[in-house]
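Novice: Okay, here's the structure, questions in a sec.
The values are calculated or read from the model by the stated rules, or taken from the named source; none is laboratory data. Just so we're clear, the structure is a prediction, and the values are computed from it rather than from any experiment. In this analysis, Cβ positions are derived from the backbone assuming ideal geometry, glycine residues included, and neighbour counts consider all displayed protein chains.
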């Protein structure tokens, strides 16, 4: 399994924005959603997640509201803001361009150079 230390800088924020864009989630729900949508390839430590959530909230990319969780516990639910949607679109486009360029470079055959 990958750990956040294996992620490129800024990738965790992009992944959190993606998870929260799907539906409002509490912190532990974000962990579970990232594990699910990555086919269990990503296991984000709580010690990395919560500072990232705080940072994204401080940057006004996500907003938070207290509500009851599925098990009737008080939990902070995060939703994407308009600025967060814009940042997610920009970062996703940049990621897709960069990953396509890297894939092209790695798939180059000797006869192509």
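Novice: Within segment 16-26, work out how many residues are out of contact with any strand residue (DSSP E or B) (no Cβ under 7 Å at 6 or more places or on another chain) and either surrounded by fewer than 22 Cβ atoms within 10 Å (Cβ to Cβ) or within 22 Å of residue 72 (Cα to Cα) (or both). Break it down into steps so the answer makes sense when it comes.
Specialist: Initially, segment 16-26 is screened for residues out of contact with any strand residue (DSSP E or B) (no Cβ under 7 Å at 6 or more places or on another chain), giving 16, 18, 22-23.
If we keep only those that are either surrounded by fewer than 22 Cβ atoms within 10 Å (Cβ to Cβ) or within 22 Å of residue 72 (Cα to Cα) (or both) too, we end up with 18, 22-23.
Number of matching residues: 3.
Novice: Yes or no: residue 84 free of Cβ contacts under 8 Å to residues at least 24 places away in the same chain and either assigned to a helix (DSSP H, G or I) or over 12 Å from residue 29 (Cβ atoms) (or both)?
Specialist: Numbers: free of Cβ contacts under 8 Å to residues at least 24 places away in the same chain: no; either assigned to a helix (DSSP H, G or I) or over 12 Å from residue 29 (Cβ atoms) (or both): yes.
Taking the combined requirement at face value, the residue does not satisfy it.
Novice: Count, please, the residues in segment 61-81 that happen to be at pLDDT 95 or above and either loosely packed, with under 10 Cβ neighbours inside 10 Å or assigned to a loop (DSSP other than H, G, I, E, B) (or both).
Specialist: Number of matching residues: 3.
Novice: Residue 44 passes all but one of (1) in a helix (DSSP H, G or I); (2) modelled with pLDDT under 95; (3) touching a helix residue (DSSP H, G or I) at 6+ places or on another chain (Cβ under 6 Å); which number fails?
Specialist: Among (1) in a helix (DSSP H, G or I); (2) modelled with pLDDT under 95; (3) touching a helix residue (DSSP H, G or I) at 6+ places or on another chain (Cβ under 6 Å), the lone unmet condition for residue 44 is (1).
Novice: Now a separate question. Select, from 57, 90, the only residue that is out of contact with any helix residue (DSSP H, G or I) (no Cβ under 9 Å at 6 or more places or on another chain), surrounded by fewer than 14 Cβ atoms within 10 Å (Cβ to Cβ) and within 17 Å of residue 15 (Cα to Cα). It would help to see each step written out before you state the result.
Specialist: Numbers: 57 fails: surrounded by fewer than 14 Cβ atoms within 10 Å (Cβ to Cβ).
The unique qualifying residue is 90.
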